[in-house]
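Asks: Have a look at this one before I ask anything.
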Amino acid sequence: MTLAGISFAYLRARPLAAALNVLLLALGVATVTVLLLASRQIESRMLRDAEGVDLVVGAKGSPMQLVLSAVFHIDVPAGNIPLEEARALAAHRAVKKAIPLALGDSFRGYRIVGTTHDYPAHYGARVAAGGLWEKPMQAVLGSEVARATGIGVGARLVGAHGMGGEDTGEAHEETPYEVVGVLAPTGTVLDRLVLTAVESVWEVHGTAGEPEEYQEITALLIRYASPLAAATMPRQVNANPALQAASPAYESARLFRMIGVGVEVLRAFGIVLMLAAGLSVFIALTHALEERRYDLAVMRMLGAARAKLFALLVLEGVLLAAAGAALGLALGHAATGAIGALMAAQHQGPLTGLLWLNEEWWVAGAALGVGLFAALVPGLRAMRAEVAHALAEG
Amino acid sequence: MLGLKNVRKRYGAGEVLALERFEAAQGEHWLVLGPSGSGKTTLLHLIAGLLAPSEGEIEVAGQRLAGLAGAALDRWRGRTVGIVPQKLHLVPSLTVMQNLSLAPYLAGLPEEPARATRLLAELGLADRAGARPHQLSHGQAQRVAVARAVMNRPKVLLADEPTSNLDDAACEATLELLQAQARACGATLLVATHDRRAHRRFERVLELGR
């Protein structure tokens, strides 16, 4: 017989009340856990995707849309920019490196991106099978594209007009790509792209034969030669009526701020749930005190010190909280995994429930603290409970 | 032994117990007789250290109770005094066996499952070890309460109105059980009752009240 055994026996005697308290706490813990896991993963993924890109240049429009479409490949681009303008910019002495991107088509929901070998090199991508493209109409698959579609080197794929959303248009049947390579996983947006030469995109859209001054690309990812360029470059670009410059770092920070409000609201909701659970545990234990007046008196009669009765009540609160925390963490991880599976089905980035963050210890600790705190007052009352009268009446 | 000298217990202005002198030798069986309100339960609680006297001295099994307080008093009570309360007060969430184990556990003594099993068998409750208190008849519950009271081989066994609402045969059996168990551990037995039927089983009687 142990104190925990007695506490457990009491909890088991009222299984419904105990289960409700555990569930309430678990929901709060799960909400906070999901937010923690999801926001941390999304944030770190966006940081990885935007790493080393100082400036994005695209068609005039919203800078946020430009970053979303050209860096994270979430939104659709506003339009294209003339190749000559892009070339002039790439040759600028403040630019260390410029990677062109030509968007427009997709393959089974995955974007086909016309670019140069600099693009996979930028993310440090390794070739898992085959090699990179050497001429137009050769394609290299990102790791997830290859895994999800099940095709590999030597296969032919046909792009469809559009970005893979509901507006995906007709297939470019007469201009199939040949898959020449598959990339190893990089943990970046590259995993969900089909890469090819810029010229392929022109070929598919029937502009390949036209003179260079009529060619277009969608965006240019720029790395500065010196940080000083950040002061002048965006202004210079924006002065051009055809071009828009956007800083991925600035736009992502703006995006986090906007999403941040929602995240804060949800986190507050989770915390309110946990506090409500604490209140519920408090009520349950206070109620239990009334119910167990005689039990507590009998325990004193049998030789239990006051401190032992205090410990008994507190232990009960902590047991409930521990069960709630464990269930909540499990639920949170499962829910994050489920959301990740849902996002994967929409070709959005990977989100896994199989990740343990150190902050989760804090969440578990907070849950235990809630249980402990809720049990404190009932515990003190159990300690002070009168014995002789309770034994005499009844 | 057990000795009380000039003990008074008052609640506010009212005096519920006044006992000039009472002494009982180890192993003696006493009946504490008196109408309700005469302070029988108060006397038992004073001896058990559950209440402190307003005046006077109490010594139980060689221990002056005034010299004990807090956790030490609780511990002493758990190890020295066995109590069968009038309403029995078995712990409803625990099984019969767990109710018995509670006594040594809370008194800080080693649990003796073999002793608990033997006591249950002796009291004809061998098959009720896993039952919960609400599944027991009143007679069975009372036997469990007696077993719990003697689990720690107390030096003093106190029973409060054990025979109320019992027919003659059950009354006899209950008193017999208490005396047998008190004898088995050499305890001084005090049975508080207003039931005159108990009279003939006891040679020593302490009459309370006017």
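Asks: In vacuo Debye scattering of region A:246-296, one point per C-alpha: log10 I(q)/I(0) at q = 0.13, 0.26 Å⁻¹?
Replies: The calculated log intensity ratios at q = 0.13, 0.26 Å⁻¹ are -0.54, -0.89.
Asks: So how strong a dipole does chain A carry about its Cα centre when Lys and Arg Cβ are +1 and Asp and Glu Cβ are -1, to the nearest 20 debye?
Replies: Computed charge dipole of chain A: roughly 2000 debye.
Asks: Putting +1 on Lys and Arg Cβ atoms and -1 on Asp and Glu Cβ atoms, find which of A:68, A:171, A:137 reaches farthest to the positive end of the dipole of region A:55-246.
Replies: Of A:68, A:171, A:137, it is A:68.
Asks: Please report, in cubic angstrom per residue, the volume enclosed by the convex hull of the alpha-carbon atoms of region A:18-74.
Replies: 87
Asks: Go through region A:216-232 residue by residue and turn each phi into a ³J(HN,Hα) via Karplus (6.51, -1.76, 1.60, θ = phi - 60°); whole Hz please, and just put x for glycine and proline.
Replies: 9, 10, 8, 7, 10, 8, 10, 10, 6, 6, 9, x, 4, 4, 4, 6, 10
Asks: Under 5 Å between amide hydrogens, which residues at least 5 positions from residue A:96 or on another chain qualify, with H placed 1.01 Å from N in the peptide plane?
Replies: Placed amide hydrogens put A:223, A:224, A:225 under 5 Å from residue A:96.
Asks: I've got another one for you. Using only helices, what value at 222 nm comes out for chain B when you add -39,500 (n - 2.57) per DSSP H run of length 4 or more and divide by the total residues, to the nearest 500 deg cm²/dmol?
Replies: -10500 deg cm²/dmol
Asks: Running Debye on region A:149-300 with equal point scatterers at the Cα sites and no solvent, what base-10 log of I(q)/I(0) appears at q = 0.10, 0.12, 0.13, 0.16 Å⁻¹?
Replies: -0.70, -0.88, -0.98, -1.20
Asks: Under the 0.36 nm per residue contour assumption, what length would be gained going from the current alpha-carbon distance of residue A:259 and residue A:13 to full extension?
Replies: Value of the extension gain: 84.1 nm.
Asks: For region B:77-136, what class follows from the C-alpha gyration tensor (a ≥ b ≥ c being the square roots of its eigenvalues): rounded when a/c is under 1.5, otherwise prolate if a/b is larger than b/c, else oblate?
Replies: Because a/c hits 1.5 or more and a/b fails to exceed b/c, region B:77-136 counts as oblate.
Asks: Please list, in order along region B:78-89, the HN-Hα scalar couplings obtained from phi with the Karplus expression 6.51 cos²θ - 1.76 cosθ + 1.60 (θ = phi - 60°), rounded to whole Hz, x for Gly and Pro.
Replies: x, 8, 10, 10, x, 10, 10, x, 4, 8, 6, 6
Asks: Sticking with this one: Using only alpha carbon pairs under 8 Å that are at least six residues apart, calculate the relative contact order of chain B and give it in whole percent.
Replies: In percent, rounded to a whole number, it is 30.
Asks: Next question. Rounded to whole Å and sorted largest first, list the principal axis extents of the Cα atoms in region A:310-387.
Replies: So the three principal-axis extents are 66, 19, 13 Å.
Asks: Quick one: which residues, 5+ away or cross-chain, put their amide H under 5 Å from the amide H of residue A:81? H built at 1.01 Å from N.
Replies: Residues meeting the criterion, in which the H sits 1.01 Å from N, are A:217, A:218.
Asks: Mind listing the long-range amide H neighbours of residue B:83? Cut-off is under 5 Å, sequence gap 5 or more, other chains count too, H placed in the peptide plane at 1.01 Å from N.
Replies: It is B:158, by chain and number.
Asks: While we're here: Provide the percentage of antiparallel DSSP beta bridges, counting only those with both residues in chain B; round to the nearest 5.
Replies: Percent antiparallel among DSSP bridges in chain B is about 45.
Asks: Compute the distance in nm between two label points, each set 7 Å from the Cα along the Cα-to-Cβ direction, one at residue B:54 and one at residue B:18.
Replies: About 1.0 nm separates the two model spin labels.
Asks: Over region A:131-221, what is the percentage of antiparallel beta bridges among all DSSP beta bridges, to the nearest 5?
Replies: Beta bridges within region A:131-221, antiparallel portion: roughly 60 percent.
Asks: Same structure, new question: Just want to confirm a number: the relative contact order over region A:55-246, from Cα pairs under 8 angstrom separated by 6+ residues, in percent.
Replies: Worked out over region A:55-246, it gives 36 percent.
Asks: With θ set to phi - 60°, apply the Karplus curve 6.51 cos²θ - 1.76 cosθ + 1.60 along region A:9-26 and write out the HN-Hα couplings as whole Hz, x wherever there is a Gly or Pro.
Replies: 4, 5, 4, 5, 5, 10, x, 5, 4, 4, 5, 4, 5, 4, 5, 4, 5, 4
Asks: Hey, another quick one. Would you list the P(r) distribution for region B:18-125, with all Cα-Cα distances sorted into 10 Å bins from 0 and each bin expressed as a whole %?
Replies: P(r) for region B:18-125, in whole percents per bin: 11, 37, 35, 16, 1.
Asks: With both partners inside the protein assembly as shown, how many of the DSSP beta bridges are antiparallel, as a percent to the nearest 5?
Replies: 65
Asks: Let a ≥ b ≥ c be the square roots of the eigenvalues of the Cα gyration tensor of region B:65-210; is it rounded (a/c under 1.5), or, if not, prolate (a/b larger than b/c) or oblate?
Replies: It comes out oblate by the Cα gyration axes.
Asks: Using the count of nearby Cβ atoms within 10 Å as a rough guide to exposure, how do B:54, A:7 rank from fewest to most?
Replies: Ordered from fewest to most neighbouring Cβ atoms within 10 Å, B:54, A:7 come out as B:54, A:7.
Asks: Which value, to two decimals, describes the C-alpha radius of gyration of region A:1-125 once divided by 2.2 N^0.38 Å?
Replies: Compactness ratio reported: 1.88.
Asks: Starting at 0 and stepping by 20 Å, how many percent of the alpha carbon pairs of the protein assembly as shown end up in each bin?
Replies: 17, 30, 17, 15, 16, 5, 0
Asks: With a ≥ b ≥ c taken as the square roots of the eigenvalues of the C-alpha gyration tensor of region A:169-252, please select rounded if a/c is under 1.5 and otherwise prolate if a/b is larger than b/c or oblate if it is not?
Replies: The shape class here is oblate.
Asks: Step by step: find N for region A:55-246, compute 2.2 N^0.38 Å, then divide the Cα radius of gyration by it. What's the final number?
Replies: With N residues counted in region A:55-246, Rg over 2.2 N^0.38 Å equals 0.99.
A short reminder: the numbers here are calculations on the coordinates, not readings from a lab. This is a predicted model, so every value here is computed, not measured. Reconstructed Cβ throughout: ideal geometry from the backbone, glycine too, with neighbour counts over all protein chains shown.
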